[in-house]
Amino acid sequence: MGLVDNLMAKVSNFAQQHEGKVDRGLDKAAKMIDERTKGKYSGKIDTGTGKAKHAMERLAHRGTGPATGDRTPPGAPPPAS
């Protein structure tokens with residue numbers, strides 16, 4: 001396992017263990033920023049917060065799908081054997 005794979009495994013494990021805390025932290029930071037900007041950027045803050053939560057969710061559930069070991073994109077033909 002390479003350095004990047006090892007790092008991604010650790011990040012994924014962290015995301016799984018602390019998913020709720022990270023979500024609450026993102027919400028708290030978004031609320032604070034929205035208050036300081038007096039709602040001027042509410043839409044952009046909501047969009048950014050949603051994207052950050054989605055990224056954390058993907059990290060938390062990385063590798064929990066089918067254990068096929070391949071990285072064939074969806075819709076691509078299967079590799080020839």
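The values are calculated or read from the model by the stated rules, or taken from the named source; none is laboratory data. The model shown is predicted, which means the values in this text are computed figures rather than measured ones.
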Item to check | Count - residues of the range 23-74 that are at pLDDT below 65 and not aliphatic (A, V, I, L, M) | outcome: 9
Next on the checklist: So, in the range 6-52, how many residues would count as being of a type in the set (G, A, S), in a helix (DSSP H, G or I) and over 17 Å from the mean Cα position of the chain (by Cα)?
Outcome noted: 2
